[in-house]
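Have a look at the structure that comes next, please.
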Amino acid sequence: MHIAFLTSEYPHKRVSHAAGIATSIKNLVSALSTKGVTVSVFVYGQKDDAILIEDNIKIHLIKHRSFKVLGWYWHRKHIEKYLNSYIDTDNIDVVEAPDWTGITAFMNLKAPLFIRFHGSDAYFCKLDKRKQKFKNFLFEKLALKKAKAYIAPTIYAGTETQKIFGLNKRKIKTIHYGLKLKDFENDTPSIYNQNTILYIGTIIRKKGVFELSEIFNKVLESVPEAQLILIGNDSPDIQTGSSSTYNLVENLFSNEAKKNVTYLGKVPYSDVKNHIKNAHVCVFPSFAETLGMVTIESMALQKPVINTSIGWAQELIDDGVNGYLVHPLDIDLYAHRIIELLKDNNLSKRVGAEARKKVEAVFDIDKIAEINIEYYKSVIQ
């Protein structure tokens with residue numbers, strides 16, 4: 001079996017962008033390859049054309065090309081032509097693509113198309129309560145209607161996407177993202193920087209970073225030695241037009257809080273695990289995700305996580321057992337959960353240990369790869 005992944009991001013030094021989606025794809029690609037599946041990755045929107053081989057995986061970099069007229073159409077047709085040439089020559093059985101921007105709209109591919117719900121623009125606009133551009137909605141709907149089947153990382157993401165686009169729910173299968181567990185071992189879970197709170201994610205409104213500033217102000221009232229570390233790219237703020245969301249967030253910290261906040265910006269992915277291991281508590285007060293890779297990475301490393309209580313997170317964490325679920329707008333309760341964990345190391349250790357068990361049971365990429373293979377086969381046979 002030969003599976004091709006079409007994506008705009010992938011964890012490789014030659015690729016210009018890689019975030020949570022890239023990590024989830026890489027984890028699955030690697031696991032499929034170890035099970036004897038031939039895998040190719042096609043990364044569009046790159047600076048150059050190139051074909052790379054890494055760990056028996058062929059990675060195609062597709063250079064971004066500009067067109068004077070109808071660029072959105074000819075961009076897709078260029079990718080279609082490139083993909084189809086390799087579908088023929090490399091005997092590709094399945095193409096998997098993301099829902100974001102409807103990249104496969106207007107494409108007529110020579111292999112069955114599966115679309116995974118990494119999160120469409122329409123999905124995030126609904127969760128953010130923002131109006132979506134009609135063109136973006138149209139492209140995403142056209143792309144989805146062309147697909148033979150769909151994969152959702154959580155039941156919540158699948159249900160919401162199905163409602164938005166009027167999809168056939170029988171064509172949607174929920175398959176979680178997964179982790180290579182041996183890469184996320186923590187042999188010293190009791191060793192960490194006491195009272196350190198870690199946030200990892202884009203600095204953007206939908207991730208709950210404005211609420212996090214208020215939450216941290218509250219935490220300092222009870223734990224004045226607490227430290228907050230933020231990791232992730234800064235981004236413009238759609239609501240205010242500011243070029244830096246972090247500048248807006250920074251202004252919400254109290255004078256005392258500002259002394260205890262460290263913003264590291266983007267750090268190499270290879271360093272992220274150490275930051276998680278060094279943290280006392282990890283927090284992800286997001287309003288909009290499909291699953292959230294960094295949550296399960298933190299849980300795998302035996303960290304107590306406080307997530308949002310919205311939809312998708314309820315499939316990751318059993319509240320009060322292997323983490324906590326609190327709505328980002330409930331500032332007092334969110335702060336209270338953090339304070340509880342900072343003041344009780346035994347509680348932190350117990351929740352972290354249970355978090356690891358949850359990941360082992362539900363998010364093991366070896367088991368998840370098998371589920372993907374069986375689903376691909378069941379649809380194309």
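Every number in this text was worked out from the coordinates using simple rules, so none of it is lab data. Everything numeric here is computed off the predicted structure, so don't read it as measured data. Cβ: placed from backbone, ideal geometry, glycine included. Neighbour counts: every protein chain shown.
Rounded to the nearest Å, what's the spacing between the alpha carbon centres of the stretch 133-159 and the stretch 30-65? Just the number, please.
So the two Cα centres are separated by 24 Å.
Whole-Hz Karplus ³J(HN,Hα) for the stretch 214-222, in order, using 6.51 cos²θ - 1.76 cosθ + 1.60 and θ = phi - 60°, x for Gly and Pro?
For the stretch 214-222, the Karplus curve yields 5, 4, 5, 4, 5, 4, 5, 5, 9 Hz.
Just order 311-318, 252-259 by mean Cβ neighbour count inside 10 Å, highest at the front, would you?
Details: 311-318: 20.2, 252-259: 13.8.
Ranking the peptides 311-318, 252-259 by packing returns 311-318, 252-259.
Grab the DSSP H runs of the chain that are 4 residues or longer, score each as -39,500 (n - 2.57), total them, divide by all residues and round the 222 nm result to the nearest 500 deg cm²/dmol. Mind dumping the intermediate values first?
Values: 13 runs with 156 residues, N = 381.
Estimated from H runs of four or more residues: -12500 deg cm²/dmol.
With θ taken as phi - 60° and the coefficients 6.51, -1.76 and 1.60, list the Karplus ³J(HN,Hα) couplings across the stretch 20-26 in order, rounded to whole Hz; mark glycine and proline as x.
Once rounded to whole Hz, the list reads x, 4, 4, 5, 5, 5, 4.
Moving on to the next point. First select every other residue whose beta carbon is under 9 angstrom from the beta carbon of Gly119; then total the charges, Lys and Arg +1, Asp and Glu -1.
Working: positive: none; negative: Asp99, Asp121, Glu289.
Value of the local net charge: -3.
If you take every DSSP beta bridge whose two residues both sit in the chain, what share of them, in percent to the nearest 5, is antiparallel? Can you show the working numbers first?
Values: 5 of 47 bridges.
Roughly 10 percent of the beta bridges in the chain run antiparallel, per DSSP.
Quick one: net charge around Asn136, please, counting Lys, Arg +1 and Asp, Glu -1 for every other residue with C-beta under 13 Å from its C-beta.
Numbers: positive: Lys126, Arg130, Lys131, Lys133, Lys135, Lys141; negative: Asp99, Asp121, Glu140.
Counting the neighbours of Asn136, the net charge comes to +3.
At what distance in angstrom do the alpha carbon centres of the stretch 236-309 and the stretch 335-381 lie from each other?
19 Å
I've got another one for you. Let me spell out the model: positive unit charges on the Cβ of Lys and Arg, negative unit charges on the Cβ of Asp and Glu, origin at the Cα centre of the stretch 1-101. What dipole size does that give, in debye rounded to 20? Don't jump to the answer; show the numbers that get you there.
Values: 12 positive and 11 negative charges, 83 e Å.
The calculated dipole for the stretch 1-101 is roughly 400 debye.
So how strong a dipole does the chain carry about its Cα centre when Lys and Arg Cβ are +1 and Asp and Glu Cβ are -1, to the nearest 20 debye?
Details: 50 positive and 42 negative charges, 304 e Å.
That gives the chain a dipole magnitude of about 1460 debye.
Can you compute the modelled spin-label distance between Ile371 and Glu185, with each label point 7 Å from Cα toward Cβ, in nm?
The answer from the label model is 2.5 nm.
I'd like to know which of Tyr192, Leu347, His280 lies farthest towards the positive end of the charge dipole of the stretch 182-362, counting +1 on Cβ of Lys and Arg and -1 on Cβ of Asp and Glu.
Tyr192
With only Lys, Arg, Asp and Glu charged, each at its Cβ (+1 for the first two, -1 for the last two), find how big the charge dipole of the stretch 224-361 is about the Cα centre; round to the nearest 20 debye.
480 debye
In whole Hz and in residue order, list the ³J(HN,Hα) couplings for the stretch 249-259 that follow from phi through the Karplus curve 6.51 cos²θ - 1.76 cosθ + 1.60, θ = phi - 60°; x for Gly and Pro.
5, 4, 5, 8, 6, 5, 4, 5, 5, 4, 5
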